[in-house]
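Working notes, structure below.
Rule-based calculations on the coordinates, nothing more; no lab input. As the structure is a prediction and not an experimental result, all values here were calculated from the model. With ideal geometry, Cβ positions are generated from the backbone for all residues, glycine too; neighbour counts draw on all protein chains shown.
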Amino acid sequence: MNKPLSQEDVAAMEGQLRDSVEEDRKYWRVNNVKCDAIYSAKNYEEFADRVAAAHLQPLQRSDYKNKTPKSWNQYATNTKNSYNE
């Protein structure tokens, strides 16, 4: 009754393993933030905010370098003015 695993079965097990590993990482990341915040947070709101932001990563220097300059008002910086046509 034991038949070999198909390629789809192996792929499904790999997907389940990846999901389980990611869930485990998330659990421990949140748990570490909770353990730190339980002693250093001044009130429950700060504790809850820190736990809610546990998934965020700090910005790296390269994040600032890769920023593309954008104008806030693209219509005001447009060189073609509709009134002068």
TODO: Taking only Cα atoms and a 10 Å spring cutoff, compute GNM fluctuations for the chain and point out the largest among Asn31, Asn66, Asn43.
DONE: Asn66
- [ ] Report, by chain and number, residues whose modeled amide H sits under 5 Å from the one on Ala54, excluding near sequence neighbours (fewer than 5 apart, same chain).
- [x] none
Task: Extension gain (nm, one decimal) between Trp72 and Lys26, 0.36 nm per residue minus Cα-Cα - done: 13.0 nm
TODO: Please give, to one decimal in nm, the separation of the simple spin-label points placed at Glu8 and Ala37, each 7 Å out from Cα toward the Cβ.
DONE: 4.3
Task: Structure-derived Cα Rg over 2.2 N^0.38 Å - corresponding label in (i) 2.09; (ii) 1.24; (iii) 1.09 - done: (i)
Open item on the list: Order these by the 10 Å Cβ neighbour count, fewest first: Lys34, Lys70.
Closed with: Lys70, Lys34
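For the chain, how many pairs of lysine residues have a Cα-Cα distance under 25 Å, where the two are 8 or more positions apart or belong to different chains?
Lysine pairs meeting both conditions in the chain amount to 4.
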Task: Residues Arg29, Arg61 arranged by fewest to most Cβ contacts within 10 Å - done: Arg61, Arg29
Task: Per-residue ³J(HN,Hα) for the range 22-39, Karplus 6.51 cos²θ - 1.76 cosθ + 1.60, θ = phi - 60°, Hz, x for Gly and Pro - done: 5, 4, 5, 4, 4, 4, 6, 5, 5, 5, 5, 5, 4, 4, 6, 6, 4, 9
Open item on the list: Counting only other residues whose beta carbon sits under 15 Å from that of Glu46, what net charge do I get with K and R as +1, D and E as -1?
Closed with: 0
Open item on the list: Using only DSSP helix segments of four residues or longer, with each worth -39500 (n - 2.57), what per-residue ellipticity at 222 nm results for the chain after dividing by its residue count and rounding to 500?
Closed with: -18500 deg cm²/dmol
